[in-house]
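Q: Below: one structure in C-alpha cells.
Please treat every number below as a calculation from the coordinates, not as lab data. Everything numeric here is computed off the predicted structure, so don't read it as measured data.
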Amino acid sequence: MADLIGISIRRLSGFENANAALKKNSPSYRNVIEAIHLLETLAEIVRSDYIATWLDQALEPLDGLTPLEAIKRGNVARIWELLYRAGSGTPT
C-alpha cells in the first residue's frame, strides 16, 4: 500500500494510527484515499487473495508494466480504464 501511494511504510503506519491526523488537502491524503478506492474497486473484480499478485504482474495493456509500475509513473488513469473494462466485460 505504501509503495502504491508513494509514501514510506513508516508514514503509512502513522496514517493508520488514531494519533495521526491527515490533512484533507494534502497530496498524501488524496493519494491514500485514491489508493483505498482503487483497491476497493479491484476487490469487486478480482479475488482479494489475488490482488497483490495482479498489482505485481506485467500486463500487455500497460505495455508490459505492472500496475504498480504504471501507478508509480503517474498512469493511474490507465489502471482505472483496465478496472472499468474488466468490470464491464469490455475486452482490453
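Q: Report the percentage of all Cα-Cα pairs in segment 52-92 whose separation exceeds 12 Å, rounded to a whole percent.
A: Looking at segment 52-92, the distances longer than 12 Å represent 56 percent of pairs.
Q: Under 5 Å between amide hydrogens, which residues at least 5 positions from residue 66 or on another chain qualify, with H placed 1.01 Å from N in the peptide plane?
A: Counting only residues 5 or more places away or on other chains, the set is 59.
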